[in-house]
1. Kindly evaluate residue 292 against the criterion of being over 22 Å from residue 237 (Cα atoms) and in contact with a strand residue (DSSP E or B) (Cβ under 8 Å, 6 or more places away or on another chain).
2. What number of residues in the range 196-209 are surrounded by fewer than 24 Cβ atoms within 10 Å (Cβ to Cβ) and more than 14 Å from ligand 1 (Cβ to nearest atom)?
3. Please enumerate the residues belonging to the range 106-159 that are at positive phi and within 39 Å of the chain's Cα centre (by Cα).
4. Which of (1) under 24 Å from residue 594 (Cα atoms); (2) in contact with a helix residue (DSSP H, G or I) (Cβ under 7 Å, 6 or more places away or on another chain) does residue 297 not meet, given it meets every other one?
5. Condition first: free of Cβ contacts under 8 Å to residues at least 40 places away in the same chain and within 27 Å of residue 290 (Cβ to Cβ). Now tell me which residues in the range 432-465 satisfy that.
6. Could you please give the count of residues in the range 490-505 that are within 30 Å of residue 469 (Cα to Cα) and out of contact with any strand residue (DSSP E or B) (no Cβ under 6 Å at 6 or more places or on another chain)?
7. Where residues in the range 302-321 are surrounded by fewer than 18 Cβ atoms within 10 Å (Cβ to Cβ) and at pLDDT below 90, which of them is nearest to residue 514 (Cα to Cα)?
Ligand SMILES: Cc1cc2nc3c(=O)[nH]c(=O)nc-3n(C[C@H](O)[C@H](O)[C@H](O)COP(=O)(O)OP(=O)(O)OC[C@H]3O[C@@H](n4cnc5c(N)ncnc54)[C@H](O)[C@@H]3O)c2cc1C
Ligand code: SF4
């Protein structure tokens, strides 16, 4: 494959690598002719302004087809839509043989619109109705197109990424030996490069075109390589909090991926941001929930440090509703508050007791293990749930020295929400699986759980609200023995700090950003909500995208005139290069080294190890760079 040569990559390819973060000595002027000269703040401002223009275009297009396109600068398309309507109207008037315009006005004046409609109906031929239909269709399509805005052609992997990370370009940067630039490019959209390089569900790999030619690119591993090497080389994130830049003060509640990503974007825009969290340390679920054998603390620290280094302030041990109130936040002079408190309240099954009776929930259990608080585990441990969290819990229990661990879930082995590879790894470590099992009644002896009565599940149905309703086989009761039961059946937000009667208005439907409409509790500044607390349990890449979108929405509302000034001319032109070619050696995917099941079950060390340099280059060479056009 004739790949772009390094000098061309630098000349044409990597506007984004600069992002005002990566400067190599002697190469400062390398992007002179491309959009890279525009600073990260200008690019974010343009992103907000482009969204504003898109919304206004949609409204204008409702009045006259093409008007929205003309407003947004898409003149060619705008004129096309704008002339189609007079064309259809002219044709209609020309062939019309029914009531004249004069008589129509007379009828409307007399209040006889019903009579007019009847006359039109009677005089109309099929041709008239076709023209009317065309007229309405033009209106509808032009509005739809105006609302869609300008869209660049994206590679399938990038299009499906919730954070819209420029995957082909960072893969190419890694291939050319620029991991620091690759990391900066990932950071433009996603500040959790080290996390998402290890524990992301990676929908990008499922859509990778290389699936058709063998197996997908190891996108996640390449990102991990960029993160580990980029951080090790010392990325120094720049702060835009300087004189002459408007810098509103924003309070963010919750230092999980959503809150930290919002704070990171706000700092890049020049805001002074303080993140409050009930925990002592930032990170949210990825610090206190995700296990060390999937995401070691060291990697978390590099992601979080890069965010805090931008000038974001963190205040731990401040719980909204207990140590902090909305009135405090308003009184401290903040201009807006963003709530990103995640889903910290575990859902428990009815009929279960507390920890002294042997009942635990996954969230509290994992947080205790991460904080090194002892948890009493003994005998037979049953984890209830079929998702990734249940698998993590079971694998943690086995690492804590318990020999008999079983996962019981409603789903069959094939339909479990956890990834199949996760289930396989758990089984290899010696965990047993009890699929298609519904707990009916918990059995307690001497105040301690001793098991539960279960039923065989025949089918899983959803009720009108989307809740799971298992259909069980009558008479299939059986007993499952258990000395400890850990429930991993989901979580929900705990937002009792919101004043009664609070509502919310959707601001960004794609990224689940809401405006909080609330009176009382002393909230006198604009409030926003984002992340899992409004969307329900999701993933880090989705929470991060939500936080970034919330930051853009907040800045757009607070600094309207600043945003309106933003202009951005993208001079970047992609070279026309050959795309996918196929040869047998490119069909084989590289796999990083891994601990064996025997090694992994007794240690909290990371199971999957990263690629070595030779592997990452070989793997990134397989990428077809689907974002280039022929
Ligand atoms: C066990 C587990 C494993 C997971 N594994 C993965 C994985 O491998 N990959 C993946 O992509 N996703 C994973 N997820 C999902 C992912 O962690 C979440 O989607 C993501 O963390 C949500 O981010 P968030 O910022 O909305 O909420 P959170 O991460 O929950 O952060 C919310 C923060 O708000 C704080 N907070 C809550 N209430 C208050 C209050 N009243 N005052 C102040 N602070 C408050 C909390 O302390 C917390 O720090 C996992 C989730 C769990 C539970
Ligand atoms: S081949 Fe490369 S650019 Fe194309 S979908 Fe896969 S990772 Fe993305």
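1. no
2. 3
3. 149
4. Only one criterion in (1) under 24 Å from residue 594 (Cα atoms); (2) in contact with a helix residue (DSSP H, G or I) (Cβ under 7 Å, 6 or more places away or on another chain) is unmet by residue 297, namely (2).
5. If the condition is that a residue be free of Cβ contacts under 8 Å to residues at least 40 places away in the same chain and within 27 Å of residue 290 (Cβ to Cβ), then 432, 433 are the ones that fit.
6. 4
7. 321
Table: residues versus (1) buried (at least 24 other Cβ atoms within 10 Å of the Cβ); (2) free of Cβ contacts under 8 Å to residues at least 60 places away in the same chain.
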{"position": "171", "(1), (2)": "yes, no"}
{"position": "194", "(1), (2)": "yes, no"}
{"position": "211", "(1), (2)": "no, yes"}
{"position": "222", "(1), (2)": "yes, no"}
{"position": "249", "(1), (2)": "no, no"}
{"position": "253", "(1), (2)": "yes, no"}
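The values are calculated or read from the model by the stated rules, or taken from the named source; none is laboratory data. These numbers come from a predicted model, not from an experiment. Positions of Cβ are backbone-derived with ideal geometry, glycine not excepted, and every protein chain shown enters the neighbour counts.
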